[in-house]
1. For V128, list long-range residues whose amide hydrogen, built 1.01 Å from N in the peptide plane, is under 5 Å from its own amide hydrogen.
2. What percent of all Cα-Cα pairs in region 109-169 falls in each 10 Å bin, counting up from 0?
3. Mind pulling the angle between the C-alpha long axis of helix 14-31 and the longest principal axis of the chain? Nearest 10 degrees, somewhere in 0 to 90.
4. Between N129 and L22, take the C-beta separation as r, use R0 = 45 Å, and let me know the FRET efficiency to the nearest 0.05.
5. Against the longest principal axis of the chain, how steep is helix 54-71, in degrees 0 to 90 to the nearest 10, with axes from Cα atoms?
6. How big is D, in µm² s⁻¹, for the chain by Stokes-Einstein at 25 °C and 0.890 mPa s if Rh is the Kirkwood radius over C-alpha pairs?
7. Shape call for region 16-58 from the C-alpha gyration tensor, a ≥ b ≥ c root eigenvalues: rounded (a/c under 1.5), prolate (a/b greater than b/c) or oblate?
8. Mind pulling the angle between the C-alpha long axis of helix 133-151 and the longest principal axis of the chain? Nearest 10 degrees, somewhere in 0 to 90.
Amino acid sequence: MTNPADIVGQVGNTALTVLDALTFLAATIGINLVANFIPPAYDLSNLSPQRISFTRGGYLTALFGFVIGALWVAVIDQIGLPKFVDTLGAVLAPLYGILVADFYVVQRRTLLVADLYSMDPDRRYHYVNGWNVRAVGAFAVAAVFSVATVWVPWLAELSGFAWVIGAVIGAVLYIAVMAARTPGAVDRSVPVSPAPVTAAPTAVEIPDS
């Protein structure tokens, strides 16, 4: 037997069974809070800090979880768990590729820490109203192709490589669109030098491991 619940069912002792059940309950709640609730709540809050607090982000996370849980039997279970996981990975893969390409190629392993948390339009990571539209475009194109490898029959042979394909295409497209900007043009989607402030932003260069 590989399922812990099945093993506990064979104990034959009521007290131990109750103790094991409480242990599973505590472990399940703890893991879901740390891995599946707190991170997305903070992520949603970071999308619009002025409008979405951590508490509101938590409510939205719970709502999304309820919707996904409700769709599990009706939709997800019908298409199959492997296909659902492949699709989810195909969507997230371009994001990973863009993040890696931005850090290692575009930003050259340098971060202005103060600018990461600034809403000043003249700071480096503000882009266009807080959105890097070039990155969004690269993500959209790469995600469409990587998801197509999961669902389009004539691309079925590539379905096992959907994550790799999405990450590579996302990275390549992002590097291309960031390099293709017109020199000297006023483009808010491109990082600009930070405006003078009382305390100069701290530049952090991450050394190779």
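Throughout, read-outs are computed from the coordinates displayed, never taken from laboratory work. The structure displayed is predicted, hence computed values, not measured ones. Virtual Cβ from ideal backbone geometry, glycine too; neighbours counted across all protein chains shown.
1. V133
2. P(r) for region 109-169, in whole percents per bin: 21, 31, 23, 18, 7.
3. Taking Cα atoms only, the helix is inclined about 10 degrees.
4. It comes to 0.40.
5. Around 60 degrees separate the two axes.
6. Details: Rh = 20.8 Å.
My calculation gives 118 µm²/s for D.
7. Values: a/c = 8.18, a/b = 4.28, b/c = 1.91.
It comes out prolate by the Cα gyration axes.
8. For 133-151 against the chain, the angle is about 40 degrees.
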